[in-house]
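Note sheet for the following structure.
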Amino acid sequence: MKVITSGSRYIDIDAYASCIAYSYFLNLKGISSKAISTAKLNESITDELLDLESKLDSYIPKENDEFIIIDVSDKDYFDNVVNKDNIIQVIDHHTGFEKYWKERLNENCKIEFIGAVATIIFELYEKENLQNKLPQDIIKLLMSAILDNTLNFKAKVTSDRDRIAYSKLEELMEIKENYVKEYFMSCQRTIEKDFEKALKNDTKIGIISNKLPDIFSQLVVWDKKNILDNKEKIYDILNTFGQNWLLNLICLKDGKSYIITSNDLMKDDIKKLIDIEVENDYYLECKDIWLRKEIIKKAEEDI
């Protein structure tokens with residue numbers, strides 16, 4: 001059995017959709033596979049998407065199963081069920097571990113810095129001329145993943161490949177609808193329903209860069225107002241992790257990132273990395289959208 005899985009701490013819609021879609025792809029080709037995860041699902045996987053017929057499988061890996069890892073390539077963050085000796089393929093869009101996996105897996109390592117790993121998965125369907133066999137549920141999952149990970153194509157990591165994949169998926173969708181706002185508003189409702197859970201679920205903890213704090217949170221919302229109005233709650237929640245943290249609040253309605261940090265010195269470091277339009281005692285208002293991974297990459301390049 002081929003077991004498709006992702007990260008250990010949480011998975012987003014990109015990992016969720018891509019695992020399900022790649023498992024379906026392999027099964028179409030006559031290769032038995034299951035898509036599983038023991039990680040928490042973050043708020044990009046909305047209730048509406050969880051209600052779709054296409055879901056993760058309830059399967060417990062067996063000793064001789066082989067593993068395919070999606071949307072993560074740092075071996076320290078693989079799902080806890082993974083037998084690292086039995087990994088046969090890695091598909092990711094986060095760079096940094098290409099050399100390690102290329103040496104181990106050769107052509108079965110596919111790590112490319114683009115907006116969404118869902119784009120890579122859709123391209124594999126196209127390569128095998130199987131795109132017309134995609135169920136409507138998986139089309140919706142892949143579209144949601146590309147929207148989320150490119151922030152409606154406003155993120156700097158967005159590539160032409162992401163735009164083309166989304167356009168082709170949209171053509172395959174039978175029921176045409178204004179899906180962009182519908183999806184992101186659904187994400188925001190999920191966040192606001194349990195704000196503490198949402199914030200904790202999308203907080204990365206660990207040494208990333210000497211220019212960034214060890215506690216780095218991110219939230220993507222359609223409208224920032226209700227979130228920014230919760231200043232005390234933001235501080236209370238993130239202070240439980242430590243005193244040195246940073247929150248990247250992405251507002252799609254404005255097309256901007258709002259940086260909130262507990263550390264005034266960190267504000268100076270952030271201002272050296274990215275363009276800031278407005279500064280006050282509470283937050284830094286960026287001129288445009290920055291993803292957390294883009295900020296991390298910029299910090300690494302600035303060393």
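Please list, ordered by first then second residue, the pairs with beta carbon atoms under 7 Å, 6 or more apart or interchain, first in the range 118-139 and free of Cβ contacts under 8 Å to residues at least 24 places away in the same chain, second among the aliphatic types (A, V, I, L, M) and assigned to a helix (DSSP H, G or I).
Short answer, once both residue conditions are applied: none.
Filter the range 121-137 down to the residues that are among the polar types (S, T, N, Q) and exposed (fewer than 14 other Cβ atoms within 10 Å of the Cβ), then identify the one that is farthest from residue 12 (Cα to Cα).
That would be 129.
Does residue 147 satisfy the condition of being without any contact (Cβ under 8 Å) to a residue 24 or more places away in the chain, outside any loop (DSSP other than H, G, I, E, B) and open to solvent by less than 40 Å² (accessible area, probe 1.4 Å)? Can you show your working first?
Working: without any contact (Cβ under 8 Å) to a residue 24 or more places away in the chain: no; outside any loop (DSSP other than H, G, I, E, B): yes; open to solvent by less than 40 Å² (accessible area, probe 1.4 Å): yes.
No, not satisfied.
Can you tell me how many residues within the range 92-120 are open to solvent by 30 Å² or more (accessible area, probe 1.4 Å) and either outside any helix (DSSP H, G or I) or in contact with a strand residue (DSSP E or B) (Cβ under 7 Å, 6 or more places away or on another chain) (or both)?
Residues that pass the stated criteria total 10.
Are there any pairs with C-beta distances below 8 angstrom linking a residue in the range 75-92 that is without any contact (Cβ under 8 Å) to a residue 40 or more places away in the chain to a residue that is among the polar types (S, T, N, Q), with the two at least 6 apart or on different chains, and if so which?
86/64; 89/108; 90/73; 90/108; 92/73
Between 297, 272, 200, which is of a type in the set (Lys, Arg), open to solvent by 60 Å² or more (accessible area, probe 1.4 Å) and in contact with a helix residue (DSSP H, G or I) (Cβ under 8 Å, 6 or more places away or on another chain)?
200
Regarding residue 244, is this residue open to solvent by less than 70 Å² (accessible area, probe 1.4 Å), over 19 Å from the mean Cα position of the chain (by Cα) and without any contact (Cβ under 8 Å) to a residue 40 or more places away in the chain?
Values: open to solvent by less than 70 Å² (accessible area, probe 1.4 Å): yes; over 19 Å from the mean Cα position of the chain (by Cα): yes; without any contact (Cβ under 8 Å) to a residue 40 or more places away in the chain: yes.
Judged against the criteria, residue 244 is a match.
Can you pull out the residues in the range 152-183 that are of a type in the set (A, V, I, L, M, F, W, C), at pLDDT 90 or above and open to solvent by less than 20 Å² (accessible area, probe 1.4 Å)?
165, 169, 173, listed by residue number.
So, residue 120, is that one over 15 Å from residue 5 (Cα atoms) and modelled with pLDDT under 95 or not?
Judged against the criteria, residue 120 is not a match.
Would you confirm whether or not the range 83-95 contains a residue that is farther than 21 Å from residue 27 by Cα, under 20 Å from the mean Cα position of the chain (by Cα) and among the polar types (S, T, N, Q)?
yes
The values are calculated or read from the model by the stated rules, or taken from the named source; none is laboratory data. Note that this is a predicted model, so its numbers are computed, not measured. Counting neighbours? That spans all protein chains shown, and the Cβs are built from the backbone with ideal geometry, glycine included. Keep in mind that these areas ignore ligands, DNA and RNA; they rest on the heavy atoms of the full protein, side chains included. Shrake-Rupley method; radii C 1.70, N 1.55, O 1.52, S 1.80 Å.
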